[in-house]
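The values are calculated or read from the model by the stated rules, or taken from the named source; none is laboratory data. Owing to the predicted nature of the structure, the values given are computational and were not obtained by experimental measurement. Counting neighbours? That spans all protein chains shown, and the Cβs are built from the backbone with ideal geometry, glycine included.
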Amino acid sequence: NKQANITVLQGDYIGPEIMKAGLAVLKAVSSEGFNYQLNFAPFGGEAIDQFGAPLPDSTLDAASSADAILLAAVGGPKWDDNPERPENGLLQLRKKLNLFANIRPTEITADAMKYSPLKIYQPVDFVIVRELTSGIYFGKPRELANDGAFDTMRYTRSEIERVAKIAFDMAVQRRQHVTLVDKSNVLATSKLWEKVFHEVARGYPNVEVDRLYVDAAAMKLISVPNQFDVILTENLFGDILSDEAAEITGSLGTIPSMSKGAGGPVLYEPIHGSAPDIAGKGIADPLSMIRCVAMMLKYSFNRSDLSQQILDSVDAVASQGINTPDRGGDSSTQQVTNKIIDRLQKNTKYSRYIKN
Ligand code: NAD
Ligand code: IPM
Ligand code: MN
């Protein structure tokens, strides 16, 4: 029972509020025999204030040597005019740890669809696999001048291949379907994505594939979200579509993500940002962060049992109508978190009772 070494990056605005919730849930399930140690490191705006840079070497070291990394969110108005923004620390962290695949699940039970703005009363269960360390986010050259500016969207074959394989491997474990989302009617990078996608698909004869232009995909996500299984897309499209996908649940504050590379630590972070508009009010939705903890237990520590207990408790509490205001409730972050922990402890007692 080796001790798990988890680096914690709380970040800014609601970051520490939701991290506290996630860690309280982690502590609650650890009584089931999960031995871990937390290592808090400054990151984002918090690190700019302390060290003048959003990703200090000591934080990068703590992240690279961890078994897993939990991150809440960084950025906000306080640092928007700083020469280097907190968000750049996040981009550098992803790049330096080579976390090229970002997995963003939208999984909603039929019951939880009552919180959806969509009138679809069926379960929704798909994942977006977003390329995370290339494309227009990192492409050079890039320039900002007074009377003009440019960015570069650039992809290599191997960058597409490695993330496509992750999408196909996921599909094999799911419903055997991958949808590529691109803009191959216009963009050269998309044409390469399409080509490489079909080459990789040949290695997965049982996986069905299709392809959508990103504009049509944005439409289908809200008209027929239950028709998707795995969606594979490039960095910027994935950023945009995943916020849209989150809103199917009724709030951006519910969706976790994991970012992984070819080995090494995996980073778990909500897909949303630091929500400066609601920070300090104690009403941030903790579900995204709590689901990150569940994801971490399953994928980094092989504890599907604890992970499932958390997800079940989250669903049970939501189905009782206990929610933060973003999903129409009147509970605080802490109240929702405490209910989830109560529920977990009841379930655990019950499972012990059965075992004995
Ligand atoms: P945001 O995701 O922070 O917020 C968008 C809207 O969703 C806001 O109205 C916010 O209140 C709401 N929201 C988000 N998370 C919520 C939660 N857990 N509970 C309840 N409501 C929630 O996006 P933004 O306002 O465009 O950006 C704010 C800052 O966050 C910016 O500096 C941005 O760059 C940064 N950002 C960081 C990350 C990250 O660290 N991974 C991701 C996205 C944005
Ligand atoms: C996200 C965020 C980041 C991104 C920003 C803060 C750089 O929006 O994780 O989705 O665009 O990747
Ligand atoms: Mn985003």
Among the listed residues Asp239, Asp326, Asp285, identify the single one that is closer than 28 Å to Tyr204 by Cα, of a type in the set (D, E, K, R) and buried (at least 18 other Cβ atoms within 10 Å of the Cβ). Asp239
Extreme residue, surrounded by the most Cβ atoms within 10 Å (Cβ to Cβ), among residues of region 260-282 that are of a type in the set (Gly, Ala, Ser) and within 17 Å of Met19 (Cβ to Cβ): Ser274
Whether any residue in region 62-69 is within 15 Å of ligand 1 (Cβ to nearest atom) and surrounded by fewer than 23 Cβ atoms within 10 Å (Cβ to Cβ) is what I want to check. no
For residues that are at positive phi and touching a residue at least 40 places away in the same chain (Cβ under 8 Å), scanning just region 220-268, find the one that is nearest to ligand 1 (Cβ to nearest atom). Gly250
Looking at this structure, is Asp182 away from ligand 2 (no atom under 16 Å from the Cβ), touching a residue at least 40 places away in the same chain (Cβ under 8 Å) and over 21 Å from Glu87 (Cβ atoms)? yes
Do we find a residue being within 16 Å of ligand 1 (Cβ to nearest atom) and not assigned by TED's automatic domain parsing to the domain that holds Leu70 anywhere in region 160-179? no
Here are the criteria: (1) over 15 Å from the mean Cα position of the chain (by Cα); (2) within 14 Å of ligand 2 (Cβ to nearest atom). Tell me which single one Ile278 does not satisfy. (2)
The helices (runs of 4 or more DSSP H) lying entirely within region 259-356 that contain at least 3 residues which are in contact with a strand residue (DSSP E or B) (Cβ under 9 Å, 6 or more places away or on another chain) are 287-299
